[in-house]
Amino acid sequence: MDFYHSVHLDSSLCKGCINCIKRCPTQAIRVHNGKAVIKNAFCIDCGECIRICPHHAKQASYDSLDVMNDYEYKVALPAPSLYAQFNNIDDANIVLRALVAMGFDDVYEVSGAAELVSEMSRKYVEEHPEGKPFISTACPTVVRLVRARFPNLIDHLLPFNAPVELAATLARKRAMKKTGLPSEKIGVIFISPCPAKVSACKQGLGIKQSDVDAVVAIKEVYPKLLPHMTYNDDFETDYVRSGRIGVGWGNSGGEAGGLLTDSYLAADGIENVIRVLEDLEDQKFGELDFIELNACSGGCVGGVLNVENPYVAQAKLKKLCKYLPVARNHINGEYLERAFWDEPIEYTPVFKLGKTFAESFDKMQTVEILCAELPGLDCGSCGAPTCKALAEDIVRGEASVNDCIFVLREFFNNQQ
């Protein structure tokens, strides 16, 4: 199945360097004919190539703020990490009122829905001990990684939609009740910290149709908000509807903390996430209830669509949480509508070398033979990140052994 990808390449800016192929956690990038190429089947939209590219050739697609003009009534869904982009914020209302001042008609905090997901997660984990440890599904990159590379862990995924989906559903219902407008005239617009969440809203896993109408980047909203970041008597409405648990989701460990248990593990940064998943697949962990994984360092505050340094943003969010109550949203003991996935996550074997197990096994043996012939330097000069990746490309028919400059040099030397 082909998935929507927010991460894409502007080949006019690409210089053909190998920074991106070395950084990509799924080896989804190759350099051919002096230009990088993204293999969409392998891409999980983590945004690491955007972060590392010195020429800004890797970019993220998202909606323009002009999309607000398409709707009669606009509702902003700010991610918790938005609060951490500004200095000296001790009241989230300052940011939320600024969103209204810049043109939104209403605001619904994603952190408010996160508190509901936290409470439902506590209930679900208690009711399904056989599924432990459960893996958080709030980070779309992690879900895409598991379905493609760790099929044995799919049953451990917590089957809840991300908070932004629940927030969109609740915000739309509230707007329709408040205004009397039909759904199509109401625009629910998510303010995202990362490209993975853009992709998830455009074409998610486990959900047939998102309630989010458009996704804009925090870095695009940020300069528009700055002129409105002052107290204004015309906007005295209290828009804050979340507490410490919900806002804390913006930092690594925030979601796990919302489960109110010590039996958890929280890891951030895509390399650490992969290491945890590998160890979990090898059953190296003891008894755990929950595993929170964030592809970005620091959590969502580390997304490439933010503007603030992730570690500074972490500190800002922790400071803001000090002034908040523990939580303001509760489910009253029942699971909410749209809480669960519409359909299960299925394994997509994009990394398999063959169509059958026998074919894959034969090709893996060929890869091992080729690796023995290659120098093992993992220099990237061939356009693949490692010698093994080149060998796999050769087996797939996408490369030649002579793409290795050392093999090619030896070939010419033998011809003399």
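Note on the stretch 1-86: enclosed strands (runs of 3 or more DSSP E) holding 3 or more residues that are more than 27 Å from SER400 (Cβ to Cβ) and in contact (Cβ under 8 Å) with a residue 24 or more places away in the chain are 73-78.
Counting only helices (runs of 4 or more DSSP H) wholly contained in the stretch 144-231, the ones carrying 3 or more residues that are at pLDDT 95 or above and surrounded by fewer than 24 Cβ atoms within 10 Å (Cβ to Cβ) occupy 163-179, 218-225.
For the stretch 107-143, what are the residues that are under 18 Å from the mean Cα position of the chain (by Cα) and either aliphatic (A, V, I, L, M) or assigned to a helix (DSSP H, G or I) (or both)? Once the filter is applied, which keeps residues that are under 18 Å from the mean Cα position of the chain (by Cα) and either aliphatic (A, V, I, L, M) or assigned to a helix (DSSP H, G or I) (or both), the stretch 107-143 yields VAL110, SER111, ALA113, ALA114, VAL117, ILE135, ALA138, PRO140, THR141, VAL142, VAL143. Among the residues of the stretch 399-416, the ones that are surrounded by 12 or more Cβ atoms within 10 Å (Cβ to Cβ) and assigned to a loop (DSSP other than H, G, I, E, B) come to 3 in all. When the stretch 133-184 is filtered for residues that are among the small types (Gly, Ala, Ser) and closer than 19 Å to MET120 by Cα, the ones remaining, listed by number, are SER136, ALA138, ALA162, ALA167, ALA168, ALA171. For the stretch 129-174, the tally of residues that are within 27 Å of GLU271 (Cβ to Cβ) and of a type in the set (Lys, Arg) stands at 4. Please find, within the stretch 242-261, the residue that is nearest to LYS318 (Cα to Cα) out of those that are among the β-branched types (Val, Ile, Thr) and not in a loop (DSSP other than H, G, I, E, B). Per the stated criteria, the residue is VAL247. Going residue by residue through the stretch 262-275, is there one that turns out to be surrounded by fewer than 24 Cβ atoms within 10 Å (Cβ to Cβ), of a type in the set (Gly, Ala, Ser), more than 28 Å from PHE190 (Cα to Cα) and modelled with pLDDT of 90 or more? Yes, the conditions are met somewhere in the stretch 262-275. Here THR237 fulfils each of the conditions (1) free of Cβ contacts under 8 Å to residues at least 40 places away in the same chain; (2) under 30 Å from MET68 (Cα atoms) apart from (1). Figure legend. Inter-residue proximity from the stretch 87-104: first residues touching a residue at least 24 places away in the same chain (Cβ under 8 Å), second residues among the small types (Gly, Ala, Ser), beta-carbon distance below 7 Å, spacing 6+ or different chains. Indicated pairs: LEU99/ALA76; PHE104/ALA76. For the stretch 262-298, taking the residues that are part of a strand (DSSP E or B) and touching a Pro at 6+ places or on another chain (Cβ under 7 Å), the one that is nearest to SER121 (Cα to Cα) is identified as PHE290. Annotation note: of LYS388, LYS316, the sole residue that is in a helix (DSSP H, G or I) and in the same structural domain as THR137 (by TED's automatic domain parsing) is LYS316.
For TYR239, the conditions (1) touching a strand residue (DSSP E or B) at 6+ places or on another chain (Cβ under 9 Å); (2) at pLDDT 95 or above; (3) not β-branched (Val, Ile, Thr) all hold with the exception of (2). Remark: pairs (first residue in the stretch 305-322, of a type in the set (Val, Ile, Thr); second residue outside any helix (DSSP H, G or I); Cβ separation under 9 Å; 6+ apart in sequence or on different chains) are absent.
The number of residues in the stretch 327-336 that are touching a residue at least 40 places away in the same chain (Cβ under 8 Å) and over 16 Å from VAL110 (Cα atoms) comes to 2. The residues of the stretch 362-385 that are assigned to a loop (DSSP other than H, G, I, E, B) and closer than 22 Å to PHE42 by Cβ, listed by number, are LEU374, ASP378, CYS379, GLY380, SER381, CYS382, GLY383, ALA384, PRO385.
The values are calculated or read from the model by the stated rules, or taken from the named source; none is laboratory data. Computed from a predicted structure; not experimentally measured. Every residue, glycine among them, receives a Cβ derived from its backbone with ideal geometry; neighbour counts consider all protein chains shown.
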